[in-house]
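Here the structure comes first, spelled out in structure tokens, and everything after it is commentary.
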Amino acid sequence: MLVLQMKPMENVCVDQTRLDALYTQLGEADAEEILCRALEDIALRLSHCSELYHSQDMPELRRNTRTLIAVGGQIGMLAVTRVATDVVACIDRGDTIAIAATLSRLLRVGERSLCAVWNSDESPI
């Protein structure tokens with residue numbers, strides 16, 4: 001018997017134009033501070049999503065995920081906002097299997113997106 005282990009790799013999408021605009025509007029120091037706070041917030045909310053799912057607190061999971069959409073949108077994390085929107089739609093439909101699948105995808109995309117922004121060698125401007 002052959003056992004195959006799948007390791008899904010998610011593409012991440014960060015809107016460099018949005019990051020550039022943030023740096024242009026706020027200046028480097030303020031933009032860095034906002035970006036760092038947003039990345040911390042996203043990391044904490046992703047972890048909290050997992051906890052809320054395991055405790056089956058769907059109303060709070062929905063609220064937390066909607067905040068991820070807003071914060072991700074502010075710093076151009078397009079993949080995070082897109083998948084988080086899918087999670088909210090699954091919660092709204094009450095589709096428990098889809099919630100589990102899309103939430104798993106959100107956690108993968110979120111982790112890869114955080115790494116992509118943190119490990120960026122280029123200055124946003």
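In the set Ile75, Ile34, Ile69, which member is among the β-branched types (Val, Ile, Thr), over 14 Å from Arg105 (Cα atoms), surrounded by fewer than 19 Cβ atoms within 10 Å (Cβ to Cβ) and modelled with pLDDT under 95? Answer to the selection: Ile34.
Of the residues that make up the range 14-26, is at least one surrounded by 17 or more Cβ atoms within 10 Å (Cβ to Cβ), among the hydrophobic types (A, V, I, L, M, F, W, C) and either over 18 Å from Cys115 (Cα atoms) or modelled with pLDDT of 95 or more (or both)? Yes, there is a match, as at least one residue in the range 14-26 is surrounded by 17 or more Cβ atoms within 10 Å (Cβ to Cβ), among the hydrophobic types (A, V, I, L, M, F, W, C) and either over 18 Å from Cys115 (Cα atoms) or modelled with pLDDT of 95 or more (or both). Of everything in the range 53-106 that is of a type in the set (D, E, K, R) and more than 16 Å from Ala43 (Cα to Cα), the residue that is nearest to the chain's Cα centre (by Cα) is Arg82. Within the range 73-97, residues that are closer than 19 Å to Gln56 by Cα have Cβ atoms under 8 Å from residues that are at pLDDT 95 or above and hydroxyl-bearing (Ser, Thr, Tyr) in these pairs: Ala84/Thr65; Asp86/Thr102; Val87/Thr65; Val87/Thr102; Val88/Thr65; Cys90/Thr102; Ile91/Thr65, counting only partners at least 6 apart in sequence or on another chain.
Pairing each residue of the range 38-64 that is closer than 22 Å to Cys115 by Cβ with any residue that is assigned to a helix (DSSP H, G or I) and among the basic types (Lys, Arg), provided the two are 6+ apart or on different chains, yields C-beta distances under 9 Å for Asn64/Arg45.
The values are calculated or read from the model by the stated rules, or taken from the named source; none is laboratory data. Bear in mind the structure is a predicted one, so any value in this text is a computation, not a measurement. Quick reminder, even Gly has a Cβ in these numbers, built from the backbone with ideal geometry, and neighbours come from all protein chains shown.
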